[in-house]
Every structure is written in C-alpha cells, then in structure tokens.
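S.K.: One structure, pasted below without further comment.
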Amino acid sequence: MNLAVFASGTGSNFDAILQAIKEGTLDANVSLLVCDKIEAPVVQKAQRHHIDTVVFNSKCYESKAAYEEVLLKDLQSRGIDYIILAGFMRLIGPTLLEAYEHRILNIHPSLLPAFPGKDAIGQALDKKVKVTGVTVHFVDNGMDTGPIIEQEAVRVEPDDTREAVQKKIQAVEHKLYPRVIQSLPVKEESQ
Ligand code: GAR
C-alpha cells in the first residue's frame, strides 16, 4: 500500500505511521509527505527519514484547484493508493476528492460529530465533557463530516489540563491510525 501523508504541524502521527511500518504492524510505504508550511517540524522529520517532500505555499496559486492539480499529477505519477491527512489544516477540494474518492483519510481529536474544526480539544474542555476521543474518517467535501471508519474514547478527568488531554488523545491516535490504515483494502498490483 503506497501512502502520501499530508501534514501541517508537528508530525507525531506521521512518526507513528513510520514506526508501525518499521515494526511490521503496518504493511505500507510512505512515498511522499505533502506539507503547506515550510517551517512545520514534520518537514524535518521527513528529511531525516529520506522521504520525498512537497512543500507548497497556497498563496502562490490562484486557487485550490490550481495547487491540487499539481499535487494530483505528482500523486498519480508515484502510484499513491491513499492520502493520509495527519494534522493537515486545510480543506481538500473537488480535484483531489474526485480522483481519490474513498481513498482520503483524516484523523480528528474528538468523537465526531462532536467538536469538528479547529481546536477540538479546547472545544471539549470548554464544554466540560467527561469523555472525548479520536475519530478516523473518510474525507468528503465538508469539515470533518465524512463517513466514520473507527473511533476510540478518551476519558477526561476533572483536573486534567489541556496538555494532559492532548497527551492521552495522541497516545490513542498513534495506535489507532496505523491500525485503521492497515485494515484498508489494497489493489492487487500494489500489495
Ligand atoms: C492530531 O492530534 C490530529 O488529530 C489533529 O492535529 C493533530 C496533529 O498532530 N487534527 C485535527 O485537528 C484535524 N482537524 P501531529 O502533527 O503531531 O500528528
């Protein structure tokens, strides 16, 4: 299974995917990192692992369709089976959605449909929920609205800080995402 990871930030999920591949629990290959922020730590992580990286600045293109066309050509030329969003803070447009229908996954730090969008952990803490969690879902044209593939709950204790909740959520993410990716159907020729 040939993967492209799209990320904008720290890249702990990117690392967890690479670690699962190294340990043999995920039978896949990450051939490309796509990032929209040159300063994102995930870019250095990809370089350390010698993974090809495309960094793009959306402001250099006249539209989302324009940069997605460029990305799509690259993804297709590399035979990418799935696009894995791992903290990619940009909505995917029709160009990639149509070409990769049911082949774009996202991980989100809440039990969707609760707390979509930015700062899901902050939203959960503001509402003083007792349970939040992690969702892996297929991406559609909405914000965190696509069909849910898997979810796992995380308990929020009354004295939990934001950092404490984030740590628990990320520990779940790092196990759940590789496991879900491993369960995806694979085309014969890319096995
Ligand atoms: C992850 O917690 C992921 O669930 C979240 O961004 C973080 C990225 O962390 N994604 C979203 O909030 C998407 N709406 P990472 O860069 O360390 O993998």
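S.K.: Residues that are touching a Lys or Arg at 6+ places or on another chain (Cβ under 8 Å) and either charged (D, E, K, R) or loosely packed, with under 14 Cβ neighbours inside 10 Å (or both): does the range 77-84 have at least one?
M.R.: First pass over the range 77-84, keeping only residues touching a Lys or Arg at 6+ places or on another chain (Cβ under 8 Å): 81-83.
Then drop every residue that is not either charged (D, E, K, R) or loosely packed, with under 14 Cβ neighbours inside 10 Å (or both), which leaves 81.
Yes, some residue in the range 77-84 is touching a Lys or Arg at 6+ places or on another chain (Cβ under 8 Å) and either charged (D, E, K, R) or loosely packed, with under 14 Cβ neighbours inside 10 Å (or both).
S.K.: Next question, about the same structure. Does the range 1-11 contain any residue that is outside any helix (DSSP H, G or I) and more than 18 Å from N106 (Cα to Cα)?
M.R.: First pass over the range 1-11, keeping only residues outside any helix (DSSP H, G or I): 1-11.
Applying the additional criterion that residues be more than 18 Å from N106 (Cα to Cα) yields none.
No, the range 1-11 contains no residue that is outside any helix (DSSP H, G or I) and more than 18 Å from N106 (Cα to Cα).
S.K.: Collect the residues in the range 4-15 that are within 20 Å of R103 (Cα to Cα) and out of contact with any Asp or Glu (no Cβ under 7 Å at 6 or more places or on another chain), keeping them in residue-number order.
M.R.: Just the residues of the range 4-15 that are within 20 Å of R103 (Cα to Cα), to begin with: 4-8, 13-14.
Matches in the range 4-15: A4, V5, F6, A7, F14.
S.K.: What are the residues in the range 12-46 that are part of a helix (DSSP H, G or I), among the charged types (D, E, K, R) and more than 10 Å from the ligand (Cβ to nearest atom), if any?
M.R.: Matches in the range 12-46: K22, E23.
S.K.: I need the full set of residues from the range 89-117 which are farther than 14 Å from E173 by Cβ and near the ligand (Cβ under 8 Å from one of its atoms), in order please.
M.R.: Step one: filter the range 89-117 for residues farther than 14 Å from E173 by Cβ, giving 89-104, 113-117.
The answer is M89, P116, G117.
S.K.: Go through the range 158-181 residue by residue and tally those that are of a type outside the set (A, V, I, L, M) and open to solvent by less than 80 Å² (accessible area, probe 1.4 Å).
M.R.: 9
S.K.: Among the listed residues L85, L72, identify the single one that is within 27 Å of G117 (Cβ to Cβ), at pLDDT 95 or above, out of contact with any His (no Cβ under 6 Å at 6 or more places or on another chain) and within 16 Å of the ligand (Cβ to nearest atom).
M.R.: Details: L72 fails: within 16 Å of the ligand (Cβ to nearest atom).
Within the list L85, L72, the selection yields L85.
S.K.: Pick from the range 1-11 the residues that are buried (at least 17 other Cβ atoms within 10 Å of the Cβ) and polar (S, T, N, Q): which of them is farthest from the ligand (Cβ to nearest atom)?
M.R.: N2
S.K.: When you look at F56, is it under 14 Å from I84 (Cα atoms) and of a type in the set (F, W, Y), yes or no? Don't jump to the end; show me each part of the working.
M.R.: Values: under 14 Å from I84 (Cα atoms): no; of a type in the set (F, W, Y): yes.
Spelling it out, it is not the case that F56 is under 14 Å from I84 (Cα atoms) and of a type in the set (F, W, Y).
S.K.: Taking the range 133-148 on its own, how many of its residues are in contact (Cβ under 8 Å) with a residue 40 or more places away in the chain, aliphatic (A, V, I, L, M) and surrounded by fewer than 17 Cβ atoms within 10 Å (Cβ to Cβ)?
M.R.: So the answer is 1.
The values are calculated or read from the model by the stated rules, or taken from the named source; none is laboratory data. What you see is a predicted model; the values in this text were computed from it and never measured. Glycine also receives a Cβ, built like all others from the backbone with ideal geometry; neighbour counts cover every protein chain displayed. To get the accessible areas, we keep the full protein, side chains included, count just its heavy atoms, and leave off ligands, DNA and RNA. Shrake-Rupley method; radii C 1.70, N 1.55, O 1.52, S 1.80 Å.
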